[in-house]
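> Quick one: the structure is below, questions incoming.
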Amino acid sequence: MKRSITYLILLCVTTFSYAGEEKSLQQEKIPYLGTKHYLCLNAGGGLHSHMLKADGGDAEYGYGSLFELKYQLTPKNWGIGIGVQISSYRGYTIFNHSYSETFTHLDNDLSYTLNTQFVNWEERQSNLSIEIPFSIQCMKSINKNWSFLLGFGATVSIPIKERYTTQDGYFTSAGWFESTNVVYEDLLNHGFRTVDTELSGPINNMRPGVGAHVEIGFNRAIRQKSAFYMGLYTHYGITSITDPQENSLYDGSNYTGAYESERVEEVHPFKAGVKLGLRFNLRDKKREAEAIRIVEEKQRERERQKEIAASAEQMRRDRLRQEQRERIRREEENDRQMRLEKERIEAYHKAALKEEKEATFALKRIADEAIYTYPNSVPTFPEEIERSFDIIYTYLAKHANARILIVGHTDNTIKGDRSVTIGKKRADAFKQALIRKGIPEDKIECISKGNTQPIASNNTKGGRELNNRTELKLKGGEVEE
């Protein structure tokens, strides 16, 4: 509980890196230009564990925290940073396996086989390291208050305190003496026993390692010379931080711990988490001198502006009067053009509507005047309606999307799908007649409605003759100008 409270305090203490422009300082007499030098204070936490492969065991992740003090040099958008971190790591290894090894008993020089079995034997490893990160950083302003930070580089890790503690489970050991063919168990003075108590001890084979890290975050200015930082970080140890050992995990006399046994060959630290912080901008005499120079230059510029103000005002007034006259002329010309365009569009739509009505009437006349020798035969047309075809030619030529839709109908004496088939044949026959009259085939579409759309009663002969019909309709009709 105390450790959790400590980590929470470290996270809330927050710290640091902020790149880019500071808060708007227009009210300041001397502008603040920022600095190249920053002191960053960081705290964070998350997944801090060791990546390893344990022979006969399963490794699980743990959590930890870090505290960092960093110096950052950023001339422009790119810079470098170097710091020192104190990071804690935790890992868990659970063993469920058995193995045998041959030893020589110290009391009687007899050779025996030590059989050891681990059951849910859980060992926790804790590590405290001093780490020195070297970073290349990119800092980009988002607006006057916010900026973006990306950092990557190498980290040297130096373990300073390491310890293992067993948490749960048990293991048993027994010795088989081949010379007597006897198995001995529960002989504590000979190392044959069952262990289910907590064991702990230092880890003695830790060594420095080198890793790589990446960090991404955002900065929020709070004053001229400080800013909050919020970001994410990750680190992976490229080299192992342990020396490989040849010791057994349990040799009959003592428990060595997983890291000091042959069960674990390499250990790579890994961490990923959230980092918060505060950055302080250090004094930069060169940029302060530059800020004073800017103020003096602005004062000289204001004097020059006063000298030319009178003539500039008169020129401005003359220009405004000229622009006023030009604006009135353009508005009158625009009004005239709009009236002409409106009249042209109205005339165009009237002509298009007239053409559509004439074409529709022409199609109706062609359909009405068609002569059939029998219902599905190719129709012929009297000479009196030749002008109707001329109207259709003209309309199709002027309207790129226009199509003639031929719809075939039957009366109800023809049932089911057969009525649709007969209607389609009737429409196709009319299509062939139109093609012979010169109507392009790609301008004609045929469909059948069968007996579904009667226009008269099917109970009389006259009504059935009306229902056995072919209709011509216009589709599309957008005019090409």
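> Scan the stretch 250-286 for residues that are out of contact with any helix residue (DSSP H, G or I) (no Cβ under 8 Å at 6 or more places or on another chain) and in a loop (DSSP other than H, G, I, E, B) and report the count.
Selection size over the stretch 250-286: 11.
Table: residues versus (1) surrounded by fewer than 16 Cβ atoms within 10 Å (Cβ to Cβ); (2) modelled with pLDDT of 90 or more; (3) part of a helix (DSSP H, G or I).
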site: Ile391; (1), (2), (3): no, no, yes
site: Asn401; (1), (2), (3): yes, no, no
site: Leu405; (1), (2), (3): no, yes, no
site: Asp417; (1), (2), (3): yes, no, yes
site: Asp428; (1), (2), (3): no, yes, yes
site: Leu434; (1), (2), (3): no, no, yes
site: Gly438; (1), (2), (3): yes, no, no
site: Ile447; (1), (2), (3): yes, yes, no
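> Let me ask another. Of Asn247, Asn204, which residue is assigned to a loop (DSSP other than H, G, I, E, B) and at pLDDT 90 or above?
Going through Asn247, Asn204 in turn, the sole match is Asn204.
> Take the conditions at pLDDT 85 or above, closer than 24 Å to Ser448 by Cβ, crowded, with 16+ Cβ neighbours inside 10 Å and out of contact with any Pro (no Cβ under 9 Å at 6 or more places or on another chain) and apply them to Arg365. Does it pass? Please lay out each step first, then the result.
On the way: at pLDDT 85 or above: yes; closer than 24 Å to Ser448 by Cβ: yes; crowded, with 16+ Cβ neighbours inside 10 Å: yes; out of contact with any Pro (no Cβ under 9 Å at 6 or more places or on another chain): yes.
Taking the combined requirement at face value, the residue satisfies it.
> Being more than 20 Å from Val378 (Cβ to Cβ), in the same structural domain as Phe361 (by TED's automatic domain parsing) and over 52 Å from the mean Cα position of the chain (by Cα): is that true of Asn401 here?
No: the conditions fail for Asn401.
> If you go through the stretch 134-151 one residue at a time, how many are over 30 Å from Ile203 (Cβ atoms) and either touching a Leu at 6+ places or on another chain (Cβ under 8 Å) or exposed (fewer than 15 other Cβ atoms within 10 Å of the Cβ) (or both)? Show your work before the answer.
Initial filter on the stretch 134-151 (over 30 Å from Ile203 (Cβ atoms)): 136-151.
Pick out the ones that are also either touching a Leu at 6+ places or on another chain (Cβ under 8 Å) or exposed (fewer than 15 other Cβ atoms within 10 Å of the Cβ) (or both) and you get 136-140, 142-144.
So the count comes out to 8.
> Still on this structure, I have one more. Restricting to the stretch 162-188, name every residue that is within 22 Å of Phe118 (Cβ to Cβ) and not in a strand (DSSP E or B).
Asp186, Leu188
> While we're here: Taking Ser240 and the conditions (1) surrounded by 14 or more Cβ atoms within 10 Å (Cβ to Cβ); (2) touching a Gly at 6+ places or on another chain (Cβ under 9 Å); (3) in a strand (DSSP E or B), which numbered condition does it fall short on, given that it satisfies the others?
It is condition (3) that Ser240 fails.
> Next question. Does the stretch 223-235 contain at least one residue that is touching an Asp or Glu at 6+ places or on another chain (Cβ under 6 Å), surrounded by 15 or more Cβ atoms within 10 Å (Cβ to Cβ) and outside any strand (DSSP E or B)?
So far as the stretch 223-235 goes, no, none of its residues is touching an Asp or Glu at 6+ places or on another chain (Cβ under 6 Å), surrounded by 15 or more Cβ atoms within 10 Å (Cβ to Cβ) and outside any strand (DSSP E or B).
> Shifting gears a bit: Take Glu323 and decide whether it is outside the structural domain of Ser88 (by TED's automatic domain parsing) and either assigned to a helix (DSSP H, G or I) or modelled with pLDDT of 85 or more (or both).
yes
> With respect to Lys161, is the statement that it is of a type outside the set (Phe, Trp, Tyr), surrounded by fewer than 17 Cβ atoms within 10 Å (Cβ to Cβ) and either outside the structural domain of Asp55 (by TED's automatic domain parsing) or within 17 Å of Arg90 (Cα to Cα) (or both) true?
Criteria met by Lys161.
> Mind checking which residues of the stretch 144-199 are at pLDDT 90 or above and of a type in the set (A, V, I, L, M)?
Of everything in the stretch 144-199, those that are at pLDDT 90 or above and of a type in the set (A, V, I, L, M) turn out to be Leu149, Leu150, Ala154, Val156, Ile158, Ile160, Leu199.
> From the list Thr410, Thr421, which residue is in contact with a Gly (Cβ under 7 Å, 6 or more places away or on another chain) and not hydrophobic (A, V, I, L, M, F, W, C)?
The conditions single out Thr410.
> Something else: Select from the stretch 85-103 the residues that are hydroxyl-bearing (Ser, Thr, Tyr) and within 11 Å of Gln125 (Cβ to Cβ) and write down the one among them that is surrounded by the most Cβ atoms within 10 Å (Cβ to Cβ). I'd like the intermediate steps shown before the answer.
First pass over the stretch 85-103, keeping only residues hydroxyl-bearing (Ser, Thr, Tyr): 87-89, 92-93, 98-100, 102.
Now narrow it down to the ones that are within 11 Å of Gln125 (Cβ to Cβ): 89, 92-93.
Details: Tyr89: 27, Tyr92: 18, Thr93: 24.
Step by step, filter the stretch 85-103, then rank; the result is Tyr89.
> Just to be sure before I move on: is Thr113 surrounded by fewer than 21 Cβ atoms within 10 Å (Cβ to Cβ) and either of a type in the set (Ser, Thr, Tyr) or closer than 17 Å to Thr256 by Cα (or both) in the structure I sent?
Against the criterion (surrounded by fewer than 21 Cβ atoms within 10 Å (Cβ to Cβ) and either of a type in the set (Ser, Thr, Tyr) or closer than 17 Å to Thr256 by Cα (or both)), Thr113 qualifies.
> Do you know which of the residues in the stretch 97-120 that are in contact with a Leu (Cβ under 9 Å, 6 or more places away or on another chain) and hydrophobic (A, V, I, L, M, F, W, C) is modelled with the lowest pLDDT?
Phe103
> I need the full set of residues from the stretch 326-362 which are at pLDDT 90 or above and β-branched (Val, Ile, Thr), in order please.
Ile328 - this is the single residue of the stretch 326-362 that is at pLDDT 90 or above and β-branched (Val, Ile, Thr).
> Give the residue, chosen from Ile371, Ile328, that is assigned by TED's automatic domain parsing to the domain that holds Thr410 and among the hydrophobic types (A, V, I, L, M, F, W, C).
Exactly one of Ile371, Ile328 is assigned by TED's automatic domain parsing to the domain that holds Thr410 and among the hydrophobic types (A, V, I, L, M, F, W, C), namely Ile371.
> Identify, by number, the condition in (1) of a type in the set (D, E, K, R); (2) within 47 Å of the chain's Cα centre (by Cα); (3) outside the structural domain of Ala154 (by TED's automatic domain parsing) that Glu266 doesn't meet.
Failing condition for Glu266: (3).
> Here is a list: Ile130, Ile86, Ile94, Ile80. Which entry is more than 30 Å from Val183 (Cβ to Cβ), in the same structural domain as Leu276 (by TED's automatic domain parsing) and at pLDDT below 95?
Ile80 is the lone residue from the list that is more than 30 Å from Val183 (Cβ to Cβ), in the same structural domain as Leu276 (by TED's automatic domain parsing) and at pLDDT below 95.
> Would a scan of the stretch 468-480 turn up a residue that is touching a helix residue (DSSP H, G or I) at 6+ places or on another chain (Cβ under 7 Å), hydrophobic (A, V, I, L, M, F, W, C) and at pLDDT below 85?
yes
The values are calculated or read from the model by the stated rules, or taken from the named source; none is laboratory data. All values derive from a computational prediction rather than experimental measurement. Cβ sites come from the backbone with ideal geometry, for glycine too, and all protein chains shown count toward neighbours.
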